[in-house]
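Participant: Submitted below is the structure of interest, expressed as structure tokens.
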Amino acid sequence: MIMFMSREEHKPILFALAAVAIALGITNILLAYNITTEMNQSNRLDVNSIHAEFDGLKNRYDAIDKKVEKIESKLIELKEMNEVLNDIRYKLVNINTKDENNNNNNALMHILDQSLEQRVKGLEGKEVEDGGDFKIMYIDDKHFSRILSKLKVLDAYVDALNSKFILPHDIEVVVDEDDRCKNASGYYEQMKKRIVLCYSSIDRLMRLYPDDVGNSILVKFLLYHEVAHALIDVYKLPIIGMQEYAADNFAIVMMLNDGDDIHPLIWLYDAMREDKYATSSTTTTSSRYWDTHMLFVQRYYDILCLAYGSDPLRYDRDDLPSERAYRCSHEYSSSLNAWNELLKPWMKAS
């Protein structure tokens, strides 16, 4: 016999079940809240731990970075000290060199003393003083006495150089004729810190280009080329590539920046484009490609490009290919900026 309960009799049971369900729900909510709270606290602890580790790593990185800076600074000091030691080495070599004229040795020792003193001042961060000038000297040579009056233009060029550059010591510019002039137009003697310009080469340039203004430009190029070698040496300039190319580049860029008309120089190298070594019957074509000087044809195009890049209205492209011509303005400005940056510490205030 099945017994059915009335609605009134169900109510207590329903209330009891509802109460149990509510209690279970509240318990689950509290449990979920506690779990969430614990997870959040754990996450916060993890994040804080990560931040702490990151800060620790950053501090270690900063400490290492400072050590690296100190090491780099020491390396620079060692490099500069090595350059000073090289100057001392030159001095010792010359002191031990037997020379009949002791006055020459004494003068050289004085020059090297001045150079060393200036280098040490630079290492100590002190302002470098102007310790010397380019000083021109004409060695008496009766065979070339007829061109001496025209050579006086060199005095003006030397004065202009002295107005631009701070030197650690005097650098002689000697116009002379010696055995080395058989194979060179001029040269820089690193051991004696002097420039030698050859009478015979200057005379040849003047015969090639008889116009006084024109041949004075050729003589200026000869002087500035050797001045570049001197400045690279005494300033210890960092030059990448062949120093002969750098010397050519310095001379051309400085002359263009001075406003000189270098058409005579372009004309000269145009006439000399056929390399004398390659066309000589006494040597093979490849035997002089090892030489530090570029071929005349290369020098011609470099000079033409720098001139055209400095002022396209003043200098024609002539036979300069368009593949090179479109870059010439950048080549000139890039070279000028590079020399200005390298020479800035040694330039006198204008």
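The values are calculated or read from the model by the stated rules, or taken from the named source; none is laboratory data. Just so you know, these numbers come straight off a predicted model, no measurement behind them. Because the Cβ atoms are built from the backbone with ideal geometry, glycine has one as well, and the counts that use them run over all protein chains shown.
Participant: Which residue, of ILE217, ILE239, is in the same structural domain as ASP176 (by TED's automatic domain parsing), part of a helix (DSSP H, G or I) and over 16 Å from ASP302 (Cα atoms)?
Facilitator: Just one listed residue meets the conditions, ILE217.
Participant: Residues of the stretch 133-146 being more than 21 Å from ALA251 (Cβ to Cβ), surrounded by 12 or more Cβ atoms within 10 Å (Cβ to Cβ) and not acidic (Asp, Glu), which ones?
Facilitator: Result: TYR138, ILE139, PHE144.
Participant: Give all pairs with beta carbons closer than 6 Å in which a residue from the stretch 297-311 that is in the same structural domain as MET254 (by TED's automatic domain parsing) meets a residue that is of a type in the set (Asp, Glu) and modelled with pLDDT under 95; count only pairs at least 6 apart in sequence or on separate chains.
Facilitator: Close Cβ pairs (under 6 Å, with a partner that is of a type in the set (Asp, Glu) and modelled with pLDDT under 95) amount to TYR300/ASP270; CYS305/GLU331; GLY309/GLU331.
Participant: Separate question: Take the residues in the stretch 144-153 that are at pLDDT 85 or above and touching a Ser or Thr at 6+ places or on another chain (Cβ under 9 Å), then tell me which one is farthest from VAL219 (Cα to Cα).
Facilitator: PHE144
Participant: Only one residue in LEU208, LEU231, LEU222 is over 27 Å from the mean Cα position of the chain (by Cα) and on the phi < 0 side of the Ramachandran plot. Which one?
Facilitator: Only one candidate qualifies: LEU208.
Participant: Could you check the stretch 155-211 and list, in sequence order, the residues that are surrounded by 17 or more Cβ atoms within 10 Å (Cβ to Cβ), out of contact with any strand residue (DSSP E or B) (no Cβ under 6 Å at 6 or more places or on another chain) and aliphatic (A, V, I, L, M)?
Facilitator: Matches in the stretch 155-211: ILE166, ILE202, LEU205, MET206.
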